[in-house]
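Okay, so here's the structure we're looking at.
Every number in this text was worked out from the coordinates using simple rules, so none of it is lab data. Computed from a prediction, not measured in an experiment: that's the story for all the values here. Cβ atoms come from the backbone with ideal geometry, glycine included; neighbour counts cover every protein chain shown.
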Amino acid sequence: MCSMKILLADDERTIAVTLGDALRGAGHTVTVVPDGDQAISSLKTDSFDCVITDIRLPKADGLKVLRAAKEAQPASRVILITAYASVEDAVAAIKDGAEDYIQKPFYNDDVIARLKKLERLHSLEQENKQLKEELAGRRSFGAMVGKAPKMQAVYDLVTSVAASEVNVLIEGESGTGKERVAEAIHYNSPRRAKPLVKMSCSVFPETLIEDELFGHVKGAFTDAKTDKSGRFERAHTGTIFIDDIDDLQPIPQVKLLRVLQEREFERIGATQSIKVDVRIVVATKKDLWQLVQTNQFREDLFHRLNVVKVRIPPLRERSEDIPLLVGHFIQKFAKGRDFAVTPEVLEALQGYSWPGNVRELEHAIERSIALAGDERVLKKEHLLRPLSMAGTDVPPTGKLATLKEMVAEAETRHIRSVVAYTQGHRGEASRILGITRKNLWEKMREYGIEG
């Protein structure tokens, strides 16, 4: 564990000596003071990573020390020591910014365990701060956000390919930001001042895809009362972005191949060809080559499109970008208000698999801000909603579990996760679980949990 600079304020000599020695033994630098006035004076002349103070102090109480600590250094952590009679004061202090409280009598090891947790959170906060600073000065790629190595590779490829006229195939799961990449290619290209026309093949039925891409002339079919230009005409001299190309049906595939080969096409019902100067960028959520192998996509069209392929990594492969993305989406949806995400919640967000990728994270931030009310700290339960009711499904064997069995299973999972989180420290684990150490020991023995 990294060394922390700690201010310990307690008028009980036994606590001041024994806890101070334990903290130093754990590698921390400790300043000990016997009253509130000296604590406040120390805060004015020095900076501390953490302040541990008794609520009941001579000259100035622990709540005044808390306020002085937050005024002098808002990022500092404050832990309150309290007797049973002042627990209500401690809970109120938590609302005023205290990190935690320790109720007397306590074990020094419990304090050390809490400091280990604070150190991990402090490290995450520093990383988050750095990422936010990088957000303001990140490379200009429109709405693309990320600094992970895989995203850096995407930026480098986009920079290289944007200046050329080659066709580009963007491959990535739904929600990874394929449209953002297409925009970056267009707006960093010589065609940036010309139209960027977008279309998704998944939006239109097969009967309308050809009409959307190529247009029609009056009288081409029953409802064709006027001429209509298609997306290719509207993208002339610019770029056309065709999303979900894997959903394109065989007949439009043939006409698209001709545009790629000859740069001309006919509207539906027309006999005169229209020539276009257009750059073609397409995107797929599936492996196009696999579709070629199963005769669902033309091989000649695949090779025409796959001149340069840009693969967008799913969010689970670049979880280090999540704090940066969270900051980006908070700026987008906060409407000038200040919202924050605690390091613990950030850690949970990074541990989630995000099957819906960046789009799912964006919606989670938007939802959380909408549900925040007057709160300025976004809640985990608003950010990470259960994706299914898998816990209520009938097991594959068809056997329904009893309520006692289901409760035991849930308890076992939760105790295992808390024990792992506290690195096997039972005092800290029992505090988080809200049970006694004896009760925790009995449950671990009952469920066969090691730790």
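The figures follow:
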{"item": "Within the chain, percent of DSSP bridges classed antiparallel, to nearest 5", "result": "10 percent"}
{"item": "Answer label for Rg/Rh (Cα atoms, Kirkwood Rh) (calculated), chosen among [x] 1.00; [y] 0.96; [z] 1.13", "result": "[z]"}
{"item": "Residue-span extension gain [GLU88 to ASN295] - 0.36 nm each, minus C-alpha spacing", "result": "67.5 nm"}
{"item": "Mean separation of Cα contacts under 8 Å (6+ apart) over length of the chain, as relative contact order %", "result": "12 percent"}
{"item": "Within the range 149-236, chymotrypsin sites (Phe, Trp or Tyr not before Pro) in DSSP loop having at most 12 other beta-carbon neighbours inside 10 Å", "result": "PHE221"}
{"item": "Dipole of the chain [Lys/Arg +1, Asp/Glu -1 at C-beta], most positive-end residue of ILE449, LEU66, TYR187", "result": "TYR187"}
{"item": "Span from the the range 187-250 Cα centroid across to the the range 26-104 one, whole angstrom", "result": "65 Å"}
{"item": "Charge dipole magnitude, Cβ of K and R +1, D and E -1 - the chain, Cα centre, debye nearest 20", "result": "680 debye"}
{"item": "Stretchable slack from LYS44 to GLN103, in nm (0.36 nm times residue separation minus alpha-carbon distance)", "result": "18.5 nm"}
{"item": "MRE, 222 nm, helices only [DSSP H, n ≥ 4, -39500 (n - 2.57), over the chain, to nearest 500]", "result": "-14500 deg cm²/dmol"}
{"item": "Cleavage-rule hits, trypsin sites (Lys or Arg not before Pro), the range 168-219, DSSP coil, Cβ neighbours within 10 Å at most 15", "result": "ARG192, LYS218"}
{"item": "Loop-located trypsin sites (Lys or Arg not before Pro) in the range 296-342 whose Cβ has at most 13 other Cβ within 10 Å (DSSP)", "result": "LYS335, ARG337"}
{"item": "Ranked VAL154, VAL217, criterion: other C-beta atoms within 10 Å, fewest first", "result": "VAL217, VAL154"}
{"item": "ARG337-GLN249 FRET efficiency (beta carbon distance; Förster radius 45 Å; 0.05 resolution)", "result": "0.45"}
{"item": "Listed peptides 204-211, 11-18 by packing density, highest first (mean Cβ within 10 Å)", "result": "204-211, 11-18"}
{"item": "Unit charges at the beta carbon, dipole of the chain: most positive-side option, THR271, THR82, GLN152", "result": "THR271"}
{"item": "FRET efficiency estimate (nearest 0.05) - Cβ-Cβ, GLU411 to LYS275, R0 56 angstrom", "result": "0.20"}
{"item": "Positive-end residue of VAL308, ALA224, ILE170, charge dipole of the chain with Cβ unit charges", "result": "ALA224"}
{"item": "Dipole in debye (nearest 20) - the range 318-383, about Cα centre, beta carbon charges: Lys, Arg +1; Asp, Glu -1", "result": "220 debye"}
